[in-house]
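As structure tokens, the structure follows; a few thoughts come after it.
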Number of protein chains: 6
Amino acid sequence: MTREDGRAADQLRPVTITRNWLDHAQGSCLIEFGKTKVLCAASASEGVPRWRKGSGLGWVTAEYAMLPQATHDRSARESVKGRIGGRTHEISRLVGRSLRMAIDYKALGENTITIDCDVLQADGGTRTAAITGAYVALFDAVEHLRAKGALAGEPLVESVAAISVGIIDGVPLLDLPYVEDVRAETDMNVVMTGSGKFVEVQGTAEGAPFDKAELDALLELAAKGCVDLTRLQNEALGR
Amino acid sequence: MTREDGRAADQLRPVTITRNWLDHAQGSCLIEFGKTKVLCAASASEGVPRWRKGSGLGWVTAEYAMLPQATHDRSARESVKGRIGGRTHEISRLVGRSLRMAIDYKALGENTITIDCDVLQADGGTRTAAITGAYVALFDAVEHLRAKGALAGEPLVESVAAISVGIIDGVPLLDLPYVEDVRAETDMNVVMTGSGKFVEVQGTAEGAPFDKAELDALLELAAKGCVDLTRLQNEALGR
Amino acid sequence: MTREDGRAADQLRPVTITRNWLDHAQGSCLIEFGKTKVLCAASASEGVPRWRKGSGLGWVTAEYAMLPQATHDRSARESVKGRIGGRTHEISRLVGRSLRMAIDYKALGENTITIDCDVLQADGGTRTAAITGAYVALFDAVEHLRAKGALAGEPLVESVAAISVGIIDGVPLLDLPYVEDVRAETDMNVVMTGSGKFVEVQGTAEGAPFDKAELDALLELAAKGCVDLTRLQNEALGR
Amino acid sequence: MTREDGRAADQLRPVTITRNWLDHAQGSCLIEFGKTKVLCAASASEGVPRWRKGSGLGWVTAEYAMLPQATHDRSARESVKGRIGGRTHEISRLVGRSLRMAIDYKALGENTITIDCDVLQADGGTRTAAITGAYVALFDAVEHLRAKGALAGEPLVESVAAISVGIIDGVPLLDLPYVEDVRAETDMNVVMTGSGKFVEVQGTAEGAPFDKAELDALLELAAKGCVDLTRLQNEALGR
Amino acid sequence: MTREDGRAADQLRPVTITRNWLDHAQGSCLIEFGKTKVLCAASASEGVPRWRKGSGLGWVTAEYAMLPQATHDRSARESVKGRIGGRTHEISRLVGRSLRMAIDYKALGENTITIDCDVLQADGGTRTAAITGAYVALFDAVEHLRAKGALAGEPLVESVAAISVGIIDGVPLLDLPYVEDVRAETDMNVVMTGSGKFVEVQGTAEGAPFDKAELDALLELAAKGCVDLTRLQNEALGR
Amino acid sequence: MTREDGRAADQLRPVTITRNWLDHAQGSCLIEFGKTKVLCAASASEGVPRWRKGSGLGWVTAEYAMLPQATHDRSARESVKGRIGGRTHEISRLVGRSLRMAIDYKALGENTITIDCDVLQADGGTRTAAITGAYVALFDAVEHLRAKGALAGEPLVESVAAISVGIIDGVPLLDLPYVEDVRAETDMNVVMTGSGKFVEVQGTAEGAPFDKAELDALLELAAKGCVDLTRLQNEALGR
């Protein structure tokens, strides 16, 4: 089987991470997985939500959204519809949970970091690009707090990256663009730490249920992709 | 390690499925996993949503919700808040996707089955109880269509059941009640077919990232639980 | 005239009240008027709404809602529609007002009791079943506060029960199921105290305006029904 | 007992009905019960809601609302809050139901009359003023349809008027302004036809439950008030 | 060119300002520009919004809305639709900004004046009638605060009035009713102080872009109209 | 007076227009006015809104929005708040009206062009950058329709550009960044055609009312700015 864009089964699309794409945000990057473009911006502010006050612990949260013309056919704005869709909710929660795995709340102190991941263009893998870019923005927001002397220690205990994998015509493939995504029998999003452990595994049978061997093959592929993304994150951060 | 309710690590809580708990719905059951009680009701109606008309294909969808006093502390109604929360959206989508794996749309014909899973009492595992009970309601809604001569074949290609698993103090455990759920380092919900294949695998690191060995142990435990649940479904359905 | 279910004109449907149907709520019952099933749950919490703080007075409020498959044809969820319908609002207000008649706020102290009445199955008379069951849940929530030593006296000054009455083909009938309800020329819901006084009288001409004699006949019938319901409440409460 | 404004117990406040207060609406009046001012406007349009199409029957509906500065203290706009309150819903439904009693749908033909009752100033009795004024607006909207030749017969089978009654210090009183309304032990709104029959009876115990004798006294008082209002409606309509 | 209502190009429609049309509001008037009727009501309350507390400065805000039957064809209520339309938002903001130009916040002290402009009937120029009437209501609300001794000085530094102008068939016209408004090639709303300066200039090409000469002609016409309106405001206020 | 960024009073900030910044949209550009970055995307689709069907006329509409981290301090998402703010509504309407002046609906045929202007970073002048960029996206969307043979003629009758002007310390200045914007006594947004005529003039007194001489000075400055922007648009479009 040949992929439409000529990639090997275990090869990422061209990934670029443009750090500090914004001027105001405490951390930001424009991350691109092929034609998928996500603007990740992190704000760092003193204080935590009411339910966490006085705990000495910080908080990290995330919101994911898509511009109306990110998709091939324009989709209606959620602000115009007056309600957030299930998919948006689901991915926002996934991004937030994933990023929180990277953080030691105690070292963060009572500060809140909010990460916005806005998809400017969508071509598959938007949630995994969002998580991968969000980590870069988070890193710089933490640095901002460090420079202000607002930290109680080193809050970044891990790096986090994410990639999609799927099975098409029985072949496990890494980093699916839209044309592959719609054809996948099984679709999986995997979030991993820089140290190679799992943060989230979300596998979904699209066309037919899958067995343990298929699951294992997909996880192996995802692990390889996350290693590559971790390296690209480090390069972007000058580490 | 001893579980608070004395169960073995790979043992389900007492499960009861009361079929046809409702009089009007085309299929229904009250399913209980220990103290967790979910009322599953399926309506079967002719016709499909606009975007599917003329396709000859049916449609299955699901909505999950929780009564305000299902939880230990009363939670505000989503209808009063005027918006559905992310968790509700996420689980509704999971239940719908899982049930759709059981169905051959062509054999269903242009009919729509809507399954409502309302949590009357929550004590952990509400989404897995919902999926397991929803299958029973779905089965009877299909029978209802069959009796009316509205089917184009046999739409039920699989049975579907779901269970939660998690790791506490390093020990993988099956079917976590609330007291265990809040302590779990890793939490996984697994949806499987009666034939032992995976429909959904959703693993989340709660306290710390997990490795492949832990993942494998959890999947094995889940597989055992789903076999038990499939048997209980069949008993409830008199098969 | 013979009623479809063979009852006498002044006879209730079979009524069952299953006390403590839930484990978490401070008071609860599943109440059934024939096929109508309403789950009533009461939470008791310290403190009162902001506008009542420092008054020394407690507060009682209620919410009524219907599950989507409670009715013959599935109705859309109000949480999904993003707004509460007029009927739901109207009945919630009625239930709250009625229950508040049973309470001495001063003796309740600055505690709040919230009663949720969720209709699991609807076959006429859901609001009257809700009020009748809500009193049972309220009673137990008060007992819960008493056991905690949180009361300033005896807050329960009355019991409250409710029944529907209507005129069909000129004949006044007690406790109308759905098939009778849709045929009624006049429809009335009456809430009464255990001591036989009126809390609410809501009479509505459905097909034609009614005169004083008809009104009197309906009120007499309702009074008889409320006496029966009061007895059943007392039995359920072991009094 | 002397009333603050010197009225007899069975006396209405000064009532004025200014017919055709608006230029565009097919029927309208500004109705005043003392300081209570309600602008009633009726639109008459061809066609009926979707669920009624092809039935040959017309439709009448009503909406009630209050301007933010109608009350002593400004209240927030429901449009700004983004939701309609329970009281507004409840009264809109009451006005609509009451007006529909006046109408023969068949004679109305497939036309829709929508009546808006906007409270410009509130001093008690706004819902009863609304119903009484709405009838006048309805009458002219029907005339408008008649002039266009759009009617299938005489749709106005009855006139409808409404008044509030209440018990203060044990004395039944007619047409309560705000200062009396807040002191009432029992509060009742009664809608009657011009022929003296009941359309709606809504009695609510505010301070203490009431008995049959009190109910009867209130109904008698209301009947007298409705006779007076019917005469004033006829005068306004030049009958 | 002759205007349908026979007015000169630079002539206002008959304007009436009925001061204190309401009894509860601290300031109010019913203002009419021909058939356009706007009810303006001002509430004056102690305290300011949270973000302004402790500043020693007051606040003035406004809300504009239209009754459903104000227009020729009934329009749906924004409260029923659950959202405020762009036009309503835009005009509310314009009215608020315009009125704030009349006020010295320091002299107002920490008091808030809220002005509601509700269009009872619309025939063109509703926003300019609203601003012109709102000033009268504002004036009386300030007097109310003065009488209570709540002011820190003289907050009314200017009077404010507004008028619409437009070009039809190349001719600049003052104060356009609906029939002219829909035909205008260019439409402008101008808010001016009693001293003849500009507060807001909002010119919009409707049919074709306009040049500087046209703009100047419209501004001159508007200035004349505002002088007339200022005189009428002063008469209404007995100055 | 010296401007913080050293510009002359009548000088634009550096403006860049990156055409076709997106791959899917039928027209797009990233437009930058200094640090202000707006992503403009135009979709072109067959068909028009329901109320325009069968007219033979096309339709152009626009939506403006701001990403949460576009501003110095993160602002809440309108989708999360569940409602669109007044400022967003107002600017969306302004952008749409302005673009529609560029279009001959008849030549456009029954096609709809929707232009989204999403502010990625805000530093003053976002609405004027949006209009200027939107024209570029509109141009390419029209070309797309032309290439498909979907046009009935040449719909682009004009080009449109916009700029802000303001008075600071008595000096009229062109193209205000945020630091100047907050200090301006008078603030004006001017939309002009490539042929030098006015489409919109929106002048607002911020600190004090303004006179005709100030208005004239601002309009002259704006005219110069729009000439420069028209040239830059033409360069970007390769004309």
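Taking amide H as placed 1.01 Å from N in the peptide plane, D:Thr36 has its amide H under 5 Å from the amide H of D:Asp123, each at least 5 places away in sequence or on another chain. Packing order of peptides B:229-237, C:33-41, highest average first: C:33-41, B:229-237 (average count of other Cβ atoms within 10 Å over each peptide's residues). When the label point is put 7 Å from the Cα of B:Asp169 along its Cα-to-beta-carbon vector, which residues of the range B:201-239 have a backbone N closer than 14 Å? Of the residues in the range B:201-239, none has backbone N under 14 Å from the label point off B:Asp169. If you take all other residues with their beta carbon under 12 Å from the beta carbon of B:Ser43, and give Lys and Arg +1 and Asp and Glu -1, the sum is -4. Geometric descriptor of the range E:43-154, per residue, is 108 Å³ (volume of the convex hull of the Cα atoms). Highest mobility in the GNM of chain C, judged by mean-square fluctuation with C-alpha springs under 10 Å and restricted to C:Asp123, C:Asp169, C:Asp187, is found for C:Asp169. In terms of its Cα atoms, the range E:15-237 spans 54, 41, 33 Å along the principal axes, sorted from long to short. For a modelled paramagnetic label at D:Trp51, 7 Å from Cα along Cα-to-Cβ, no residue of the range B:107-144 is in reach, as no backbone nitrogen comes under 11 Å. The distance from the alpha carbon centre of the range D:28-48 to that of the range B:16-55 is 46 Å, rounded to a whole number. The mean number of partner chain beta-carbon atoms within 10 angstrom of a residue's beta-carbon across peptide D:90-101 is 3. Simple point charges give the picture: +1 on the Cβ of Lys and Arg, -1 on the Cβ of Asp and Glu, and for chain C a dipole about the Cα centre of about 880 debye. Taking 25 Å as the limit for the C-alpha separation, the pairs A:Lys35/F:Lys37; D:Lys53/D:Lys81; C:Lys37/C:Lys224; C:Lys81/D:Lys37 exceed it in the case of D:Lys53/D:Lys81; C:Lys81/D:Lys37. Each peptide in E:83-93, B:73-83 receives the mean, over its residues, of other Cβ atoms within 10 Å, and ordering these scores from highest gives E:83-93, B:73-83. The range D:113-182 and the range E:121-136 have Cα centres separated by 29 Å.
Where both bridge residues fall in the protein assembly as shown, DSSP classifies roughly 85% of the beta bridges as antiparallel. The C-alpha atoms of chain D define a longest principal axis, and helix D:86-100 lies at about 60 degrees to it.
Using θ = phi - 60° in the Karplus curve 6.51 cos²θ - 1.76 cosθ + 1.60, the 3J(HN,Hα) couplings for the range D:59-64 round to 8, 10, 9, 9, 10, 10 Hz; x is entered for Gly and Pro. Per-residue Cβ neighbour counts within 10 Å put B:Ser28, A:Ser45, D:Ser55 in the sequence D:Ser55, A:Ser45, B:Ser28, beginning with the fewest. Working from label points 7 Å from Cα in the Cα-to-Cβ sense, the D:Arg183 to A:Asp23 distance is 6.8 nm. The relative contact order of the range F:15-237, computed from alpha carbon pairs under 8 Å that lie at least 6 residues apart in sequence, is 22 percent. For the range D:150-159, backbone phi angles converted through the Karplus equation (6.51, -1.76, 1.60; θ = phi - 60°) give residue-by-residue couplings of 8, 9, 9, x, 9, x, 8, 8, 7, 9 Hz, Gly and Pro being listed as x. Across identical copies of the chain, A:Arg146 has label-point separations of 5.4, 6.3, 6.3, 6.5, 8.6 nm, listed in ascending order, with the point defined 7 angstrom from Cα along Cα→Cβ. Placing a label point 7 Å from Cα along the Cα-to-Cβ axis, B:Arg87 is separated from the same position in the other copies by 2.5, 3.0, 3.4, 3.4, 4.4 nm, shortest listed first. Using a simple spin-label model with pseudo-atoms 7 Å out from Cα toward Cβ, E:His72 and F:Lys224 lie 4.7 nm apart. Taking the DSSP beta bridges in the range B:15-237 as the whole, what percent of them are antiparallel, to the nearest 5? Once the DSSP bridges in the range B:15-237 are tallied, antiparallel ones form about 85 percent. Other protein chain C-beta atoms within 10 Å of residue C-beta, averaged over C:62-75: 5. For A:Lys106, the aspartates and glutamates whose Cα falls under 12 Å of its own Cα, not counting residues fewer than eight places away in the same chain, are A:Glu154. Taking label points 7 Å from Cα along the Cα-to-Cβ direction, F:Thr2 and A:Ala9 give a separation of 6.7 nm. The residue in chain A that lies nearest, by its beta carbon, to the axis linking chain A with chain C is given here with the distance in whole angstrom as A:Gly82, 4.
We did not get these values from a lab; they are worked out from the coordinates using the rules stated. What you are looking at is a predicted structure, and each value in this text was computed from that prediction instead of being measured. FYI the Cβ positions are ideal-geometry reconstructions off the backbone, even for glycines, and counts take in every protein chain you see.
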